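Here is the structure we will look at.
The values are calculated or read from the model by the stated rules, or taken from the named source; none is laboratory data. Please read these numbers as outputs of a predicted model, since none were measured by experiment. All Cβ positions, even for glycine, are placed from backbone atoms using ideal geometry, and neighbour counts span all protein chains on display.
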Amino acid sequence: MDSDDRQPAERGLSWWALLLGLAFGIAAALVYTWEIDPVIERNTAPWQLSEADREDYVIAVALSYTANQDLALAFDRLRALRPSQDVWSLVADIACNRIKTGQVVTNNDIRVIRALEGPLAAVRGEPPEDTEYAGPAGHLRDVWVATRASMRTVLERNSLADIVEGHLPEGPAQMLDQPGAWERR
């Protein structure tokens, strides 16, 4: 009789042991995969990134461009982020969002704006000081250098935060009132 009395208790104990072992196994697996050895994504395509990671990606591309000055590479990297959209409006949207949320670091802003100045102020793909003109156009190089200096004056006096808030210093604001400033030529 003693053996009959022990069987139901042993059967109940074995089910509890099984459930307890299963719970501990699941808990151990979760701790291992979340804390000890989490999955690290590699070779993720830019369009697969989360919204926050997309913003960081755009900033990384801009900073990379400041270092290598390869506009085609930067454009291709940004195009991979959103193939069907205008990449420049994407960059502007992200810059505005980061300013509104206070995520802008002034030194990086200046580095990115100064890097963008390069292709805007280039003459035939070369820095203006490297160009040479003969004859009556001999002083044209000075005009190009002055144009670049003018762009620097405007860009260095304005941060992205100023642009978003609509605050322009007096000099650039006066340039907007010059005749023909708003006309494309």
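The residue of the stretch 158-185 that is modelled with the lowest pLDDT, among those that are part of a loop (DSSP other than H, G, I, E, B) and either surrounded by 10 or more Cβ atoms within 10 Å (Cβ to Cβ) or under 25 Å from the mean Cα position of the chain (by Cα) (or both), is Ser159. The condition of being modelled with pLDDT under 75, outside any helix (DSSP H, G or I) and not β-branched (Val, Ile, Thr) does not hold for Asn107.
Scanning the stretch 119-129 for residues that are modelled with pLDDT of 75 or more and part of a helix (DSSP H, G or I) turns up at least one hit. Out of curiosity, is Ala95 at pLDDT 75 or above, surrounded by 14 or more Cβ atoms within 10 Å (Cβ to Cβ), among the small types (Gly, Ala, Ser) and part of a helix (DSSP H, G or I)? Judged against the criteria, Ala95 is not a match.
Matching residues to (1) in contact with a helix residue (DSSP H, G or I) (Cβ under 7 Å, 6 or more places away or on another chain); (2) under 28 Å from Asp93 (Cβ atoms); (3) modelled with pLDDT of 85 or more:
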position	(1), (2), (3)
Gln7	no, no, no
Glu10	no, no, no
Leu20	no, no, yes
Trp34	no, no, yes
Thr44	no, yes, no
Ala52	no, yes, no
Gln69	yes, yes, no
Asp76	no, yes, yes
Arg79	yes, yes, yes
